[in-house]
Amino acid sequence: MNDEYDGFIARKAQYDERLGDVVGIEDMPDFLFPFQRQLVSWSIEMGRSAIFADCGLGKTAMQLAWANHFVRSTNKSALILTPLSVGAQTVREANKFGIDAVRSRGGEMPSGATIVVANYEQLHKFSSVDFCSVVCDESSCIKDFKSKRKDAVVEFLRLIPFRLLCTATAAPNDYWELGTSSEALGLLGFRDMITTFFKQETSKDHLGWGRTKYRFRGHAEEPFWNWVCSWARSMRRPSDLGFSDDGYILPKLIEREFVVDCEKTRPGMLFSMPGKTLNEQRAERRNSISERCDKAAEIANGVDGPVVCWCELNDESKRLTEVVDGAKQVTGSMQDEEKEEILTAFSTGQIDRLVTKPKIGAWGLNWQHCSDIVSFPSHSYEQYYQSIRRCYRFGQESEVNATTIVNEGECGILDSLKRKASQAETMFSSIVNHMHNALHLMSMDTFDQKEELPEWL
């Protein structure tokens, strides 16, 4: 019984060394901009932290500078975990900045201390004892507190002294993601966060189905953001941290919507009707594959330059590859190496037409060379936002054309995305304001006069 209990405690234990005894901040690399230097310096001092910075603000450069610092100061390797194909991009960026980084797909380790870059899917091939620091790139992939990936990452990080989470879409209205990020850093656990700051409320709808919602406990909202600010920084532009936005002004984003007519209707319908349920919308989507793909091909084939086409169904991907001139598709059934080869070819300009799904290629890749996007959207605002941001990101020099194509029965999807976009913008502005207030309060001396302390202190 004692052995079982000791094992349980060992599985829950976190690395608890005094981080300040190890960390000595050296000069920041010259390739970092001032706001990046401040974030990296703060993150090194923290030892375990999160940087929620929007697309194109240089998260890869900051990750490499952070990891390289701990490789040099501890003489032990650092691990950078990335989504599929972002690993190759990270190594290219490291070479550009003069930082040693190697790619590992099978768990192989270099002979000396260096930065190792691997996909999340390969994490089980590594041992945490080989690393002193770990970076989780696009850490929103562990936001689901019930997912196996989140459990695997949290377990791997448990005994890692230095940890950094980076993502552009830590959904500001998704408090659960902040909880899983905190748990991965070895701070307050997800469920502890819920019970500390939130109150559960259960209500029933008109059908009698119970719905559970969480709201802040009385006067808990400000302490919650103070707590988040103790380990995270969030920004969409340098001015959010008090720096100049010079060089970080995005060009115009032109969003267009096309609603195509569909000859085929759902069973029992004389003509297409807006789908009210997900099943009805899926049926409308399948009925209109040919019409939507033909419209997408008309737009893509009329572009003189790179185009990326985002789809949701395998049949859409197959049809688009047939009708879009010179298109290459990346599918889920491909081997990881084949997926990466095609995505890298598009990133480097070897191919001009790419067809894939957001869940395969919409995270982490830099496609500022492409300014035309065609998509068949779903209800996932995060997927839509990330698919647009592969091209519409800082460093893009041209106007970006983002075209969404639906049929008459899917118009509800567009309404849903617009509503979620408005909510996300409002909530992200709110989180930045909360962080400003929290950081201001944390920097103030809250005592107007000195307190007399006992002599034994």
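The values are calculated or read from the model by the stated rules, or taken from the named source; none is laboratory data. Just so you know, these numbers come straight off a predicted model, no measurement behind them. Note that each Cβ is placed from the backbone with ideal geometry, even for glycine, and that neighbours are counted across all protein chains shown.
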Notebook entry, point to check: Which of (1) assigned to a strand (DSSP E or B); (2) small (Gly, Ala, Ser); (3) crowded, with 23+ Cβ neighbours inside 10 Å is the odd one out, the single condition ALA118 does not satisfy?
Noted result: (3)
Margin query: I want to confirm something. Restricting to the range 345-355 and keeping residues that are assigned to a helix (DSSP H, G or I) and crowded, with 16+ Cβ neighbours inside 10 Å, which single residue is modelled with the lowest pLDDT?
Written below: SER347
Notebook entry, point to check: Do you know which of the residues in the range 30-76 that are in a helix (DSSP H, G or I) and of a type in the set (Gly, Ala, Ser) is surrounded by the most Cβ atoms within 10 Å (Cβ to Cβ)?
Noted result: ALA67
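Quick one: in the range 218-235, of everything that is charged (D, E, K, R) and at pLDDT below 85, which residue is farthest from GLU45 (Cα to Cα)? If you could, list the steps in order and put the result at the bottom.
Within the range 218-235, the first condition is being charged (D, E, K, R), and the residues that meet it are 221-222, 233.
When the remaining residues are screened for being at pLDDT below 85, the result is 221-222.
Details: GLU221: 26, GLU222: 24 Å.
Within the range 218-235, the match that is farthest from GLU45 (Cα to Cα) is GLU221.
A quick yes/no check of all residues on (1) assigned to a loop (DSSP other than H, G, I, E, B); (2) among the basic types (Lys, Arg); (3) in the same structural domain as ASP315 (by TED's automatic domain parsing):
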site	(1), (2), (3)
LYS359	no, yes, yes
ILE373	no, no, yes
SER378	yes, no, yes
TYR384	no, no, yes
SER387	no, no, yes
ARG393	yes, yes, yes
SER398	yes, no, yes
ALA402	no, no, yes
Next item on the list: For the range 408-424, state whether one or more residues are modelled with pLDDT under 85, under 22 Å from VAL228 (Cβ atoms) and among the hydrophobic types (A, V, I, L, M, F, W, C).
Entry: yes
